[in-house]
Amino acid sequence: MTQLAAPSRSFLCLRHGVTDWNAQGRFQGRTNVPLNDEGILQAHAAALRLQNTRLDHIVASPLIRALKTAEIVAASSPAPLAIDDGIIECDFGSLEGRSVAEVMKEHGITAMDDLATILPPDGEPWASVSARSLRCISEWLDRHPQASILFVCHDGVMQSLSETLCRRWLDNRHGTPFRFDRASDVWSIDEVS
């Protein structure tokens, strides 16, 4: 596996609030499913949780579930909101709309992180998700060297980042902000409290 360039410093990430497809355990990918009522409440809770965290920029995926979450957070922050395709969710191709549990059973896998090994050829390769997400985040951090930046995105993006930087998948809940911290060349990820 090619070593991907890590971002130069720490950054914040937030998974969008829940949608009906999330609640039903379906692959969403690029399908543009909106937040449900619970997801809107989660976005407001995330905004409240982040109110004492310095935010200079908020960058969102263009998919409506992430963008709406970002708009709710931005409404209680002076930080400008931008949209960047670099942190859009993985394209799951023919898996989109299907039950995650059924697909796992069909392929005989039990761990969520094994999903990355069974992506269909008509979707986006997992390595591509990591590469474009890291490139997007690095470009934002390099353009704004002193800024605290929040990226509002998706589980696939955040799992690929955690896997690449921290060498593990994370327990990623909807509407929960995380800080990817870089200390020297060692990365960790922690929930923002």
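The values are calculated or read from the model by the stated rules, or taken from the named source; none is laboratory data. Note that the structure is a prediction, hence the values are computed from the model and not measured. Cβ coordinates were reconstructed from backbone atoms using ideal geometry, including for glycine residues, and neighbour counts include every protein chain displayed.
Residue-level analysis places residue 139 outside the set of residues that are assigned to a loop (DSSP other than H, G, I, E, B), free of Cβ contacts under 8 Å to residues at least 60 places away in the same chain and farther than 19 Å from residue 25 by Cβ.
Scanning the range 100-115 for residues that are of a type outside the set (Asp, Glu) and closer than 22 Å to residue 66 by Cβ returns 100, 112, 115. Just to be sure before I move on: is residue 183 among the small types (Gly, Ala, Ser), crowded, with 18+ Cβ neighbours inside 10 Å and at pLDDT below 95 in the structure I sent? When the stated conditions are applied, residue 183 does not pass them. Of the residues making up the range 90-103, at least one is of a type in the set (Val, Ile, Thr), more than 19 Å from the chain's Cα centre (by Cα) and surrounded by 15 or more Cβ atoms within 10 Å (Cβ to Cβ). Residues in the range 5-30 that are charged (D, E, K, R) and over 12 Å from the mean Cα position of the chain (by Cα) were compared, and the one that is modelled with the lowest pLDDT is 9. Only residues that are in a loop (DSSP other than H, G, I, E, B) and not hydroxyl-bearing (Ser, Thr, Tyr) were counted across the range 144-193, and they come to 16.
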